[in-house]
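Trainee: Okay, handing you the structure first.
Every read-out reported here was derived from the displayed coordinates using simple, explicitly stated rules and does not represent laboratory data. No experiment lies behind these values; they were computed from the predicted model shown. When we count neighbours, we look across all protein chains shown, and the Cβ atoms used for this are built from the backbone with ideal geometry, even at glycine.
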Amino acid sequence: MTKRLKDILSDMSCRIIGDAEKVAVSSIVYDSREVKAGTFFVCIRGATRDAHHYIPEVIKSGAKAILIQGDQDVFEESSIIAFSVTNDVVFVICDNTRLALAKISEAYYDYPARSLQLLGVTGTKGKTTTTFMLHEILSVSDPKVGLVGTVFDIIDGERIKASRTTPEANDLQSFFRQMADSGARSCVIEVSSLGLVYERVADCRFFAGAFTNLFHDHISSIEHKDMDDYLNAKLRLFDRSEHAVINMDTEVSNSVIDRASASSRVWTYGLKEGADCIASDIRSKRKRGVSGTQFHIKSPWYEGEVFLSLPGQFNIYNALCAISMAGLMGVPFEQVKQGLLNVSVPGRMQAVPNDLDLSIYVDYAHNAGSLETVLKMLREYAKGRVIAVFGCGGNRSKTRRSEMGEVSGRYSDMTVVTSDNPRDETPESIIRDILEGINTTEGQYIVEEDRTRAIRAAIRMAGPDDVVLIAGKGHEDYQIFGNTTIHFDDVEVARAELLELERDRK
């Protein structure tokens, strides 16, 4: 699609150098590698790169308009004017190019979010599972409902591999446009803390925003400086939400409720008395061959029995969140129950089927809080040992490594320490950090740097009464070593090993 630059900038507070009237924009991008003739290029300052340095390059590639930040020091204004005149390029100067990217993107795509009921979920844990639950519930009556999140995005029923939890604003608005054009009435979105800080959902108005929980994670030089900064980033969701759905059973619930009540109608959920949406009479159960949880729900919208096709108390919290949001939307109770019966989430307590009667699970747990929650739950199910396989990502918080090591040492009978995504660090140095935590416990462990061999070792040491947890990567199908990304899928590796064992034992 093509749109006049002048029309895209009509609601923007900015300075324009050049003739915006005559420029036709055919795309908006922030990646210099995607620039082509007619592109409106947005200069974003990232953690390691500043796109202002690519201005000469994108002009050569055909950019007709360039958005720059007013405090940039790459070029003097005289140089900008010279660039504009010499190359017939319009420069747009604003205070914040990230915020401006959101505004020009929604204008370029004709404000598609205004045609959708947006439902956002934020929190350290549970975002993906909760959004999958809500999407499954809504899909019963609206098969075109959209989903934006960590595992994949869903547009008009088609699954598209996701590049990040909350896409950059221009990608997000493009998704909204496609959803609206397909006839979707609503979209469920995972809203990350960085997505909020980087203004990816700026100007989006949510019918309901939800807060699941807060755990120590994403604290680093390139993410959040401390827990207060992390929490405040997540709370930005409620500045743009009509309703706020909040987990009442967290240590920060009072702070979250106080902040949310300033701009949103607050609803709470939990397992303790006083929550608006509460679960009771919780029990493990199998239904249609699926291990899950049965519980009684009482809320302003529904009351009755619900079966959830996912095990664990933490998934009850996720379900309560999804149920509350569905209730606010007026979804019938039978539709809610059907959605929760059918839901499954790739890489979230995903069972790996086999004929050996072995309990093997793949889960995305990649911080201490998530790992502790999953291991405690598996401890309740395991008649024998709990065996955990995990590593930690490079170029990420080092504190996370020892914390996860300590948790695994405490709640696993055996830990197989391995690699995750080492990135620019050596696997050996990351493993040393993990072992510092394990060695504060009496937990047993072995080290196998190669993740394939680590998964094989864990499965081969397991018996019918044991449970194996392969943690940290979940739905991911890659592994990153320096600048190289290779295909790697925990589920595929586990299935291959189980098939080999099945052949060996025949």
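Trainee: Please arrange His243, His296, His366 by counting, for each residue, the other beta carbons lying within 10 Å of its beta carbon, fewest first. Intermediate results must be reported in sequence, preceding the final value.
Mentor: On the way: His243 20, His296 14, His366 23.
Lowest to highest Cβ neighbour count: His296, His243, His366.
Trainee: Ignoring solvent entirely, what values of log10 I(q)/I(0) come out of the Debye formula for the range 273-340 at 0.16 Å⁻¹ when each Cα is a single scatterer?
Mentor: -0.47
Trainee: Compute the signed sum of charges (Lys and Arg +1, Asp and Glu -1) over the other residues within less than 14 Å, Cβ to Cβ, of Gly274. Show your work: numbers first, answer last.
Mentor: Numbers: positive: Lys272, Lys298; negative: Asp249, Glu273, Asp276.
Around Gly274, the surrounding residues sum to -1.
Trainee: Where nothing but the Cβ of Lys and Arg (+1) and of Asp and Glu (-1) is charged, how large is the charge dipole of the chain around its Cα centre, in debye to the nearest 20? Walk me through the intermediate numbers first.
Mentor: Details: 59 positive and 72 negative charges, 188 e Å.
That gives the chain a dipole magnitude of about 900 debye.
Trainee: Could you state the per residue volume, in Å³, of the convex hull enclosing the Cα atoms of the chain? It would help to have the intermediate numbers written out before the result.
Mentor: Details: hull volume 77.3 nm³, N = 506.
Hull volume normalised by residue count: 153 Å³.
Trainee: When Cys321, Cys43, Cys14, Cys392 are ordered from fewest to most other Cβ atoms inside 10 Å of their Cβ, what list results?
Mentor: Cys14, Cys43, Cys392, Cys321
Trainee: With +1 on each Lys and Arg Cβ and -1 on each Asp and Glu Cβ, and nothing else charged, work out how big the dipole of the range 129-230 is about its Cα centre, in Debye to the nearest 20. Spell out each step's value before the answer.
Mentor: Values: 9 positive and 16 negative charges, 61 e Å.
In total the dipole reaches around 300 debye.
Trainee: Sorted from fewest to most neighbouring beta carbons within 10 Å, what does the list Glu334, Glu223 look like?
Mentor: Details: Glu334 11, Glu223 17.
If I rank by nearby Cβ atoms, fewest first, I get Glu334, Glu223.
Trainee: Further question on the same structure: Calculate the dipole size of the range 342-455 relative to its Cα centre from +1 charges on Lys and Arg beta carbons and -1 charges on Asp and Glu beta carbons; express the result in debye to the nearest 20. Could the numbers behind the result be given before it?
Mentor: Numbers: 14 positive and 18 negative charges, 54 e Å.
The dipole of the range 342-455 has a size of about 260 debye.
Trainee: Over the range 1-45, one equal point on each Cα, no solvent: what is log10 I(q)/I(0) by the Debye formula at q = 0.26 Å⁻¹?
Mentor: Treating every Cα as an identical point scatterer, log10 I(q)/I(0) equals -1.06.
Trainee: What fraction of the DSSP beta bridges in the chain is antiparallel, stated in percent and rounded to the nearest 5? Mind showing how you got there, number by number?
Mentor: On the way: 31 of 86 bridges.
Approximately 35 percent, going by the DSSP bridge assignments.
Trainee: Another question, then. Multiplying the sequence separation of Asp88 and Asp450 by 0.36 nm and subtracting their Cα-Cα distance, what value in nm do you get?
Mentor: On the way: separation 362, 0.36 × 362 = 130.32 nm, distance 5.38 nm.
Taking Asp88 through Asp450 to full extension adds about 124.9 nm, to one decimal.
Trainee: Also: Show me the ranking of peptides 119-128, 57-66 by mean Cβ neighbours inside 10 Å, starting with the highest.
Mentor: Working: 119-128: 26.2, 57-66: 19.5.
Result, highest mean Cβ count within 10 Å first: 119-128, 57-66.
Trainee: I've got another one for you. Find the cysteines in the chain that fail to meet the 4.7 Å Cβ criterion with every other cysteine, and list them.
Mentor: That list is Cys43, Cys187, Cys204, Cys277, Cys321, Cys392.
Trainee: Here's a follow-up. Using the alpha-carbon atoms, what tilt in degrees (0 to 90, nearest 10) does helix 427-438 show relative to the longest principal axis of the chain?
Mentor: Helix 427-438 and the main axis of the chain meet at about 50 degrees.
Trainee: Also, quick follow-up: So if each residue of separation counts as 0.36 nm, and I subtract the Cα-Cα distance between Lys376 and His296, what length gain in nm does that give?
Mentor: Numbers: separation 80, 0.36 × 80 = 28.80 nm, distance 2.27 nm.
Gain on stretching Lys376 to His296: 26.5 nm.
Trainee: Okay, next question. Using θ = phi - 60° and the Karplus relation 6.51 cos²θ - 1.76 cosθ + 1.60, list the HN-Hα couplings for the range 29-42 in order, rounded to whole Hz, with x at every Gly or Pro.
Mentor: Using θ = phi - 60°, the values come out as 9, 10, 9, 4, 6, 9, 6, 9, 4, x, 6, 9, 9, 10 Hz.
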